[in-house]
1. Just a yes or no: is a residue in the range 5-13 more than 30 Å from ASP305 (Cα to Cα), assigned to a helix (DSSP H, G or I) and not polar (S, T, N, Q)?
2. Under the condition of being assigned to a strand (DSSP E or B) and among the hydrophobic types (A, V, I, L, M, F, W, C), which residue from the range 296-339 is modelled with the lowest pLDDT?
3. Looking only at helices (runs of 4 or more DSSP H) that fall completely inside the range 55-173, which ones have 2 or more residues that are under 18 Å from the mean Cα position of the chain (by Cα)?
4. Just name the residue that is farthest from ARG198 (Cα to Cα) out of those in the range 368-378 that are out of contact with any Pro (no Cβ under 9 Å at 6 or more places or on another chain) and exposed (fewer than 15 other Cβ atoms within 10 Å of the Cβ).
5. Would the range 42-51 turn up any residue that is at pLDDT 90 or above, hydrophobic (A, V, I, L, M, F, W, C) and in contact with a strand residue (DSSP E or B) (Cβ under 6 Å, 6 or more places away or on another chain)?
6. For the range 223-248, how many residues meet the condition of being of a type in the set (A, V, I, L, M, F, W, C) and in contact with an Asp or Glu (Cβ under 8 Å, 6 or more places away or on another chain)?
7. Specify which of the listed residues (VAL244, VAL178, VAL253) is outside any helix (DSSP H, G or I) and either touching a His at 6+ places or on another chain (Cβ under 9 Å) or over 24 Å from VAL331 (Cβ atoms) (or both).
8. Can you list residue pairs whose Cβ atoms sit under 7 Å apart, with the first residue in the range 192-215 being in contact (Cβ under 8 Å) with a residue 24 or more places away in the chain and the second being among the basic types (Lys, Arg) and surrounded by fewer than 22 Cβ atoms within 10 Å (Cβ to Cβ)? Count only pairs 6 or more apart in sequence or on different chains.
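The values are calculated or read from the model by the stated rules, or taken from the named source; none is laboratory data. Remember, predicted model here, so these are calculated numbers, not experimental data. Heads up, the Cβs are rebuilt from the backbone with ideal geometry, glycines too, and the neighbour counts pull from every protein chain shown.
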Amino acid sequence: MLYQWYEAQRALLSPFSEFASASSKLYSHPLSPFTHTPMAQRVSAGLDLMHRLSKEYEKPQFNITSVRVGTVDVAVQEQVALEKPFCRLLRFKRFTDDSPALTLMKDQPTVLVVAPLSGHHSTLLRDTVKALLQDHKVFITDWTDARMVEQAAGPFHLDDYVAYVQEFIRHVGPEVNVISVCQPTVPVLAAISLMASRGEPTPRTMTMMGGPIDARKSPTAVNNLAMNKSYDWFENNVIYRVPVNYPGAGRRVYPGFLQHSGFIAMNPDRHLKSHYDYFMDLMRGDDDNADFHRTFYDEYNAVLDMPAEYYLDTIKTVFQDFALVNGTWEVDGELVRPQDITTSALLTIEGELDDISGAGQTKAAHELCTGIPKSRQFHYDVEGAGHYGIFSGRRWREKVYPQVRDFIASHQAEMKQPVKLAKPTARKAAARKAA
C-alpha cells in the first residue's frame, strides 16, 4: 500500500505545487504590481522553493545538441540504435560539413557507456557523454522505468541485464571500448567474462568507475545496509506493486522514491543547506547559482523504479554472496570467469571520497582479471572526488576524462604500446617514503 499512498500524496500536492509556482512568478515578474510590495522577493523565493520541494520530477533530456571536435563545433543527434523492453541503446550521432573534422571523427574510437540501473536515469551521465563526444563515437544504455513496462514483457533479472550488455556489445562491434559507471561494473565484467569464455571477441578496453566489484572492501553505508539485512527483509519491506495509473500496473518493483529517500538520508544536512542556499540565492538575485541548483536537483530528484527481480538478485549476488569475487556466480548455467579475459585492457577508477563504493572495491577487478597482462592493467585514484565527481563536474573533465581518453587511444592499434598512465597512489606512496 505504500506505493499507493505515495501516489495519493503526489496527486494531492500537485495543484499546490502549481499554485506555488504561479504565485512565485506573481511576486517576481517585473510587470506585476505585487513585485513592488514589501517582502515581495522573500515571498517569491519561499513559494519557488515550496514548488520545487513538492513538484514531480520527470525524466530529464540529454539536450546535447552540439560538441566541439578539434576546432569545429559539430551537431549532435540522439538516435535509438536498439530497443529492448527494459532498455534502449542510444547513439549520439555527430554531423558536420567540415571535411577535416569529418575525417577526424571517422577515425575516432567507439565507446559504449553502460549507465547504472540504480534509481536515476541515464541522463545523470550527461557530463560523461558530452566530454566523450569530443574524441569518440558514443553509445549509452538508457534504462526504462520499470513502472512503464507492461507485465506482458515478463520479469527482468540480473542475468537479463548481463544478456542485454552482451547484445549491445555485439551490436556496436568488437572494436568497442566499454565504460561502466558504478552499479554496472559487476554485470559488465560478468558479460565480458562469459564472452571470453565462449571464445567471442571482447571489447578493446574496459573502464570501470566507482563500482562494487568486491563490496567487502571498505564497506560504505550502502554496503552495510545490503549486507546486514536478509534477502527476505528486502523482499518483504521494499518491494511493491506498481499502481494502476501506469502501464506496468501490478509489476513488482523497488520504487524510485524509496531509493531517493535513501540517497537523501545519507546526507540530510548537505541537502538542507543546499536548499537554504538556493533560497538565499533567490533573495540576492544570484541567478547563476540558482540555475545551477535547479539543474542539479532536476536530475537528482528524477528517479525510476527498478524491477524487483533485478534488484533482489543484485542484493544477493553482489552484496551478500559476493558471488563474482568468490567464483561462484553462474549466469544461465555458465560460470563467470573473469580470468578468461585476455585481450581487453583494463582501467579502474575510484574517488578518494566516494561514499557509495568504498576504496578498493573497483580496484578488486585487477585481482580477478588475471588473464590480462599487467602491462595492460591500470588504476587511477581521483584525489578529492566523491562518487559523482569521478564521472561529472570539474574533476571529471579536468582529471578523469584525460586519463580515460588516453587509455582508450593507447589501445586502438593492436601493435601499439600502451601509454603509461599516471598512478597517483604510487606517486603518493613514493613521496611518503622519500619524506
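1. No, there is no match, as no residue in the range 5-13 is more than 30 Å from ASP305 (Cα to Cα), assigned to a helix (DSSP H, G or I) and not polar (S, T, N, Q).
2. Per the stated criteria, the residue is VAL303.
3. Per the criteria, 126-132, 158-172.
4. Ranking the candidates gives LYS374 first.
5. Looking through the range 42-51, none of the residues is at pLDDT 90 or above, hydrophobic (A, V, I, L, M, F, W, C) and in contact with a strand residue (DSSP E or B) (Cβ under 6 Å, 6 or more places away or on another chain).
6. Total meeting the criteria: 1.
7. Answer to the selection: VAL244.
8. SER193/ARG337; SER197/ARG337
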